[in-house]
Every structure is written in C-alpha cells, then in structure tokens.
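A.B. asks: Below you'll find the structure I mean.
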C-alpha cells in the first residue's frame with residue numbers, strides 16, 4: 001500500500017527493505033524466540049514500529065510536496081492517520097503484554113477503543129475520492 005503511495009524511488013525502496021526486514025524478524029521471533037503458542041508481543045512491536053515509520057514517511061512526503069492537496073479528500077491520508085494512531089498507542093500495550101499479562105482488565109479495553117478509532121478512520125478513507133492537486 002505504501003509502496004504505491006510513495007512518489008520518490010528512495011521511499012519505495014525503503015518500504016520494500018522494511019517489509020523484508022520486518023518479515024524476517026517476525027519469522028525469527030515466531031519460530032525461535034516467542035514461539036507460535038504465545039502472544040507475539042515482540043512481533044507486534046516490530047510490526048508497529050515498521051508501520052509507524054512508513055506512515056510518518058508518507059506524512060513527510062505530503063508536507064514536502066509543492067502542490068496544494070486537500071488532505072481531507074485523500075484516502076491515503078486517512079489510512080495513514082488510522083495506522084499511525086493504532087500503532088503508536090498499541091505499541092506500548094504490545095511491549096508491556098508480557099509484564100502486564102491478564103492482570104490488567106483495561107488492556108483489551110484500551111486496545112478495542114483504539115481499534116474502533118482506527119477503523120473509523122479507515123471507513124472515512126473508503127468514502128473519499130482522491131482529488132487532483134491544485
């Protein structure tokens with residue numbers, strides 16, 4: 001998704017490199033570190049960091065453009081906002097999953113609220129028609 005959203009070749013190559021590195025790290029984590037039967041807190045943290053970096057790169061690209069773009073009409077803006085909000089909040093929950101465990105009943109409540117917000121932002125993206133630049 002971000003590969004097609006990036007205009008610069010450097011960002012496209014970086015997104016591919018991040019995807020390969022993230023996939024390899026998650027594979028290593030799943031089979032050699034945490035295993036398949038435990039909650040993948042390390043894997044989710046790695047994935048969240050990658051998605052945060054990609055969404056921030058997309059926002060940086062938007063700010064760096066010379067054209068005037070109506071952000072509220074761009075679906076990728078809303079998708080990136082949803083990804084950034086979901087991952088930036090839940091990364092702390094995923095990192096602390098092992099230490100908190102099931103001791104905190106608010107863990108899944110916080111996760112569910114952030115998930116609803118992210119899905120609302122994704123829904124807004126579905127109703128947007130990309131506008132041409134001015």
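A.B. asks: From the helices alone, meaning DSSP H stretches of at least four residues, give me the mean residue ellipticity at 222 nm for the chain, per-run term -39500 (n - 2.57), in deg cm²/dmol to the nearest 500. Before the final figure, lay out each step's value.
C.D. replies: Values: 6 runs with 94 residues, N = 134.
My calculation for the chain gives -23000 deg cm²/dmol from helical runs alone.
A.B. asks: Between the helical axis of 106-126 and the dominant principal axis of the chain, each derived from Cα atoms, what acute angle in degrees is found, rounded to the nearest 10?
C.D. replies: 20
A.B. asks: At a 10 angstrom cut-off on C-beta neighbours, averaged per residue, how do the peptides 62-74, 23-35, 45-57 rank from highest to lowest? It would help to have the intermediate numbers written out before the result.
C.D. replies: Values: 62-74: 11.1, 23-35: 13.2, 45-57: 19.2.
Top to bottom by mean Cβ count within 10 Å: 45-57, 23-35, 62-74.
A.B. asks: Moving to a separate point now. Below 8 Å between Cα atoms, with a sequence gap of 6+, how large is the relative contact order for the chain in percent? Walk me through the intermediate numbers first.
C.D. replies: Details: 128 pairs, mean separation 37.8, N = 134.
Computed value for the chain: 28 percent relative contact order.
A.B. asks: Okay, moving on. Expressed in nm to one decimal, what extension gain is obtained for the pair residue 95 and residue 12 from 0.36 nm per residue of sequence separation less their Cα-Cα distance?
C.D. replies: Numbers: separation 83, 0.36 × 83 = 29.88 nm, distance 2.83 nm.
Length gained, residue 95 through residue 12: 27.1 nm.
A.B. asks: Okay, moving on. Taking the chain as a Gaussian network, Cα atoms linked when under 10 Å apart, which of 106, 115, 44 shows the biggest mean-square fluctuation?
C.D. replies: For the chain, modelled as a Gaussian network with Cα springs under 10 Å, the answer is 106.
A.B. asks: Another question, if that's okay. Compute the angle between helix 75-95 and the longest alpha-carbon principal axis of the chain, please, reported from 0 to 90 degrees and rounded to the nearest 10.
C.D. replies: Rounded to the nearest ten degrees, it is 20.
A.B. asks: Quick one: helix 41-64 against the long Cα principal axis of the chain, what's the angle to the nearest 10°, folded into 0 to 90?
C.D. replies: That helix lies at roughly 10 degrees to the long axis.
Any read-out appearing in this document is the output of simple, stated calculations on the displayed coordinates, not a laboratory observation. Remember, it's a predicted structure, so these values are computed and weren't measured experimentally. So basically every Cβ, Gly included, is an ideal-geometry build from the backbone, and we count neighbours across all protein chains shown.
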